[in-house]
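The values are calculated or read from the model by the stated rules, or taken from the named source; none is laboratory data. This one's a predicted model, so the numbers in the text were calculated from it and none came from an experiment. Quick reminder, even Gly has a Cβ in these numbers, built from the backbone with ideal geometry, and neighbours come from all protein chains shown. Only protein heavy atoms, including side chains, enter the accessible area calculation; ligands, DNA and RNA are left aside. Shrake-Rupley method; radii C 1.70, N 1.55, O 1.52, S 1.80 Å.
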Amino acid sequence: MEQGNNKFISVKYQLYTNENGVNTLVEETSEERPFIFLTGFGVALEAFEKAVENLAEGDNFEFTLTKDEAYGDYFEERVVTLDREIFSVNGHFDHENVVVGAVLPLQNEDGNRFDGKVLEITETGVKLDLNHPLAGKTITFKGQVLENRPATNGEIEHLASLISGEHHCGCGCDDCSDGCDHHHHEHGDGCGCGHCH
């Protein structure tokens, strides 16, 4: 991978969903906590990357992505109920973390990681929505490019090592201790991990 093929991009933006003609703000990053990513790694949504990769520092942007360009359809079959015992720690149900509305990091038998939002807790199971929070939605980004330059070899190597699992953080941040967890989640961590724009 030649240096210069990948760009280091930092943006601040507001993310809105568009439903029934109503825009609702669901996420906002800032100059202090921007969304940072390297192009060509699949960190950002392909349509998002294409929309900003050729903009210059200081350029403003506004664009809308359809559900197909964003996070796809919402699938009812991705709402599942798992046995309560899965969420037990030392033989006791994890009441502190497993609560309605919480987004939990999960892993399947193949080692794939994903998030599930807790919808309901019963005596026998925990009902989870495994769809992306923005699945099935049209979304609009309004923001500004803070930085756009060729990525350095060090930045490329750092992100490649994160993606390969050599580091535990899993996001594009320089400091894994700043509260940036790959399965943070829901919105607004602003460091380029999160739900991969």
So what J values fall out for segment 6-20 if you push phi through Karplus, 6.51 cos²θ - 1.76 cosθ + 1.60 with θ = phi - 60°, rounded to Hz, Gly and Pro as x?
9, 10, 9, 10, 10, 9, 10, 7, 10, 10, 10, 9, 10, 10, 6
Taking only C-alpha positions in segment 19-60, Rg and Dmax in angstrom work out to 12.8, 34
Computed over segment 1-150, the Cα gyration tensor eigenvalues, each multiplied by 5 and square-rooted, give semi-axes in Å (largest first) of 35, 19, 14
Going toward the positive end of the dipole of segment 26-77, with +1 on Lys and Arg Cβ and -1 on Asp and Glu Cβ, which of Val43, Tyr71, Leu55 do you reach last?
Leu55
Distance in nm between Thr138 and Thr24 label points, each 7 Å along Cα→Cβ, equals 1.6
Taking the highest mean first, how do the peptides 55-62, 40-47 order by number of other beta carbon atoms within 10 angstrom per residue?
40-47, 55-62
Calculated FRET efficiency, Gln107 and Lys67, Cβ-Cβ r, R0 35 Å, to nearest 0.05?
0.85
How much accessible area does His132 have with a 1.4 Å probe, in Å² rounded to the nearest 10?
50
